[in-house]
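The values are calculated or read from the model by the stated rules, or taken from the named source; none is laboratory data. Source: prediction; values computed, not measured. Quick reminder, even Gly has a Cβ in these numbers, built from the backbone with ideal geometry, and neighbours come from all protein chains shown.
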Amino acid sequence: MAQMLAMIHTSPTLTPVFGALAAAEMPEVAVFHMVDESLIKDTIKAGRLRGLTIRRLLGLIESAEKAGADAVMVTCSSIGPGVALAQKLFDTPVVRVDEAMAEKAVLMGRRIGVAATLRTTLEPTIALLREKAAAAGREIEIVESLSHGAFDAVLAGDTKTHDRILSESLIRDMRGVDLVVLAQASMARVVKEMPKGAIEAPVLSSPELAMQRASVILKDAHRLEAVGANN
């Protein structure tokens, strides 16, 4: 039987993005998607990740586990602290979308630019980077770039304005950094469409790195199952 990866999204726009990445990285793995926009809407409204929202996220992860998922990926960085809790509670591996990116970032440079269109995403991303830097024994300096108005524009269906605000913020704020970390998976598309050299530093985004992490986890689990079956 094929392994299964469940992906939990807070925006339906991420379903095709991560679906395509999964198909490219692990074509042998079956994928199913779960979307709940209210998780991010509640977090934005409250200005923080509430305990109730974390409990609802845990319920979704439990549903994915019961549906037979061999691993679960949560693709929203704003609810990342809830994913960290889930990793301690579930036997099924739970992948935090920005964890692999943060681990790589703290090894690549000291002055790290962090870009976001939401304060509720910027803050947990910075906290994760500091946590990973401490674990790796590295000292880092964070340079913030918050694209005010970009998220409101995309909610209103004005993708062009979102992309313009984000591009301008990145060019303005990310000068002199060793690398740039994109706090939201959806931002990678905008950077790819910017002129070459518009951002001088290397740019890290979470989707590809998270999918590679999920692939390794599933392959390791498959090997362990095979060893167990042969003993």
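One table, with the values for the structure above:
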item: Odd one out for Ile126, checked against (1) modelled with pLDDT of 95 or more; (2) in contact with a helix residue (DSSP H, G or I) (Cβ under 9 Å, 6 or more places away or on another chain); (3) surrounded by 15 or more Cβ atoms within 10 Å (Cβ to Cβ); result: (2)
item: Residues located in segment 178-221, provided they are modelled with pLDDT of 90 or more, within 15 Å of the chain's Cα centre (by Cα) and among the aliphatic types (A, V, I, L, M); result: Val180, Val181, Leu182, Ala183, Val203, Leu204, Leu209, Ala210, Met211, Ala214
item: Odd one out for Ala86 among (1) in contact (Cβ under 8 Å) with a residue 40 or more places away in the chain; (2) crowded, with 19+ Cβ neighbours inside 10 Å; (3) not acidic (Asp, Glu); result: (1)
item: Of all residues in segment 24-35 being farther than 17 Å from Leu209 by Cβ and either hydroxyl-bearing (Ser, Thr, Tyr) or not in a loop (DSSP other than H, G, I, E, B) (or both), the one that is farthest from the chain's Cα centre (by Cα); result: Ala30
item: Answer residue from segment 1-20, given it is surrounded by fewer than 20 Cβ atoms within 10 Å (Cβ to Cβ) and aliphatic (A, V, I, L, M) and is farthest from the chain's Cα centre (by Cα) among those; result: Met1
item: Residues of segment 41-64 that turn out to be part of a helix (DSSP H, G or I) and touching a residue at least 40 places away in the same chain (Cβ under 8 Å), as a count; result: 6
item: Selection within segment 16-39 - among the β-branched types (Val, Ile, Thr) and in contact (Cβ under 8 Å) with a residue 60 or more places away in the chain; result: Val17, Val29
item: Selected residue (criterion: farthest from Ala183 (Cα to Cα)) from residues of segment 90-108 that are in contact with a Leu (Cβ under 7 Å, 6 or more places away or on another chain) and surrounded by fewer than 19 Cβ atoms within 10 Å (Cβ to Cβ); result: Met108
item: Selection count where residues are surrounded by fewer than 24 Cβ atoms within 10 Å (Cβ to Cβ) and either among the charged types (D, E, K, R) or part of a helix (DSSP H, G or I) (or both), scope segment 65-79; result: 3
item: Residue within segment 214-222 that is among the hydrophobic types (A, V, I, L, M, F, W, C) and under 24 Å from Pro12 (Cβ atoms) present; result: yes
